[in-house]
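Colleague: Mind looking over this structure? Questions follow.
No value in this document is a laboratory result; all are computed from the given coordinates. For clarity, every value in this text was computed on a predicted model and none was experimentally measured. Because the Cβ atoms are built from the backbone with ideal geometry, glycine has one as well, and the counts that use them run over all protein chains shown.
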Amino acid sequence: MDKQQLFENIKRKKSFLCVGLDTDIKKIPEHLLKEEEPIFAFNKAIIDATADLCIAYKPNLAFYESMGVKGWIAFEKTVQYIKKNYPDQFIIADAKRGDIGNTSAMYARTFFEELNIDSVTVAPYMGEDSVTPFLTYEGKWVILLALTSNKGSHDFQLTEDVNGERLFEKVLRKSQEWASEDRMMYVVGATQGRAFEDIRKIVPNHFLLVPGVGAQGGSLDEVCKYGMNSTCGLIVNSSRGIIYVDKTEKFAEAARKAAQEVQAQMAEQLKAIL
Ligand SMILES: O=C(O)c1cc(=O)[nH]c(=O)n1[C@@H]1O[C@H](COP(=O)(O)O)[C@@H](O)[C@H]1O
């Protein structure tokens, strides 16, 4: 999916919501545990309940890998289900990969060749040759961690060099030598507020993947005020704030309601550019 298609989907659905499929066997409704594949059953119900309200899904690999082979099968089935039934959805494998070149190439093969997923999150720490193997696949996206939503973002990302440049700014500048806004997005946490202003000075046109609204308390208003550009430029993720609002048999309906609330706020914000 290219940048223009993404924007078309945002306009059509009046939404830039990404539903995070961080599916934890310990948190899903008890009645699903009777199912042969409880994780997939949960995901399928959440996807069917929210697909018209969002433009992307982001399964986080940690939740699947923690269950071994069963988890990996649930992950694959979830991806295939979305692709078959909702082909307009942008799929993000949240894997935060990155290693020496030949190893990164294997990660890239996993997500782009084997599973044909649209994008993967990548950590920039090991530099150019750890990221570029992900960029050899036509039409696929790298989503590079820039300024994350967690407290630990202060430990490295927000530290300054002798010239006053912060590490996340260096990541944004340097990585633009590797790929354009048509192949690369950046992760910026919703909790980072006004930092979006500084980020937009360096990457005015890129899409940003923004996790941290909902359970982590980031403000959608602030993200939009400082981060939205003329083609929206934002994919805002919420995981726990949508998928775990109810633990009864009505969990999918409740997830839909939560997604509807966020989508309505997004439709309001989009009025500024549409
Ligand atoms: O790359 C990410 O998606 C990510 C980056 C970041 O800075 N912060 C962050 O929370 N995430 C992920 O986004 C999701 C947030 O989940 P909730 O806090 O439940 O909405 C989780 O899958 C996190 O791993």
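Colleague: Going through F156, F111, F90 one at a time, which residue ends up being out of contact with any Phe, Trp or Tyr (no Cβ under 6 Å at 6 or more places or on another chain), within 16 Å of the ligand (Cβ to nearest atom) and free of Cβ contacts under 8 Å to residues at least 12 places away in the same chain?
Modeller: Going through F156, F111, F90 in turn, the sole match is F156.
Colleague: Do we have any residue at all in segment 2-25 that's more than 19 Å from the chain's Cα centre (by Cα) and within 23 Å of E249 (Cα to Cα)?
Modeller: So the first thing to find is which residues in segment 2-25 are more than 19 Å from the chain's Cα centre (by Cα), and the list is 12, 25.
So of that shortlist, the ones also within 23 Å of E249 (Cα to Cα) come out as 25.
The answer is yes; a qualifying residue exists.
Colleague: Any residue in segment 244-273 that is within 20 Å of D22 (Cβ to Cβ) sitting within a Cβ distance under 9 Å of a residue that is aromatic (F, W, Y) and assigned to a helix (DSSP H, G or I)? List the pairs, counting only those 6 or more apart or interchain.
Modeller: So the pair list comes out as Y244/F251; V245/F251; F251/F42; A252/F42.
Colleague: Among the listed residues Y64, Y57, identify the single one that is aromatic (F, W, Y), within 19 Å of R183 (Cα to Cα) and touching a residue at least 24 places away in the same chain (Cβ under 8 Å). Before the answer, list the steps.
Modeller: On the way: Y64 fails: within 19 Å of R183 (Cα to Cα).
Result: Y57 is the single residue among Y64, Y57 that is aromatic (F, W, Y), within 19 Å of R183 (Cα to Cα) and touching a residue at least 24 places away in the same chain (Cβ under 8 Å).
Colleague: Out of segment 67-89, which residues are β-branched (V, I, T) and crowded, with 16+ Cβ neighbours inside 10 Å?
Modeller: Passing the criteria: T78, V79, I82.
Colleague: A further question follows. If a residue must be closer than 14 Å to I91 by Cα, within 15 Å of the ligand (Cβ to nearest atom) and among the aliphatic types (A, V, I, L, M), how many such residues does segment 114-145 contain?
Modeller: 4
Colleague: Taking into account only those residues within segment 90-112 that are among the hydrophobic types (A, V, I, L, M, F, W, C) and assigned to a strand (DSSP E or B), which is surrounded by the most Cβ atoms within 10 Å (Cβ to Cβ)?
Modeller: Result: I92.
Colleague: Among the listed residues F112, F75, F63, identify the single one that is under 18 Å from L135 (Cβ atoms), within 17 Å of the chain's Cα centre (by Cα) and of a type outside the set (D, E, K, R).
Modeller: After applying the criteria, what remains is F112.
Colleague: Considering (1) within 16 Å of the ligand (Cβ to nearest atom); (2) out of contact with any Asp or Glu (no Cβ under 9 Å at 6 or more places or on another chain); (3) under 18 Å from I91 (Cα atoms), say which one S149 fails and leave the rest.
Modeller: Condition (3) is where S149 drops out.
Colleague: Then there's this: For segment 219-240, which residues satisfy the criterion of being near the ligand (Cβ under 9 Å from one of its atoms) and closer than 11 Å to A190 by Cα?
Modeller: Once the filter is applied, which keeps residues that are near the ligand (Cβ under 9 Å from one of its atoms) and closer than 11 Å to A190 by Cα, segment 219-240 yields N237, S238.
Here's the yes/no breakdown for (1) surrounded by fewer than 21 Cβ atoms within 10 Å (Cβ to Cβ); (2) under 21 Å from K3 (Cα atoms):
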{"site": "Q216", "(1), (2)": "yes, no"}
{"site": "D221", "(1), (2)": "yes, no"}
{"site": "T231", "(1), (2)": "yes, yes"}
{"site": "V245", "(1), (2)": "yes, no"}
{"site": "A259", "(1), (2)": "no, no"}
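Colleague: Continuing with the same structure: Checking F40 against (1) touching a residue at least 24 places away in the same chain (Cβ under 8 Å); (2) touching a Leu at 6+ places or on another chain (Cβ under 7 Å); (3) more than 16 Å from the ligand (Cβ to nearest atom), only one condition comes out false. Which one?
Modeller: Going through (1) touching a residue at least 24 places away in the same chain (Cβ under 8 Å); (2) touching a Leu at 6+ places or on another chain (Cβ under 7 Å); (3) more than 16 Å from the ligand (Cβ to nearest atom) one by one, F40 breaks only (2).
Colleague: Does L220 fit the bill of being more than 19 Å from the chain's Cα centre (by Cα) and not aromatic (F, W, Y)?
Modeller: It is false that L220 is more than 19 Å from the chain's Cα centre (by Cα) and not aromatic (F, W, Y).
Colleague: Scan segment 241-253 residue by residue and report those that are in contact with a helix residue (DSSP H, G or I) (Cβ under 9 Å, 6 or more places away or on another chain) and either in a helix (DSSP H, G or I) or away from the ligand (no atom under 16 Å from the Cβ) (or both).
Modeller: G241, I242, I243, T248, E249, F251, A252, E253
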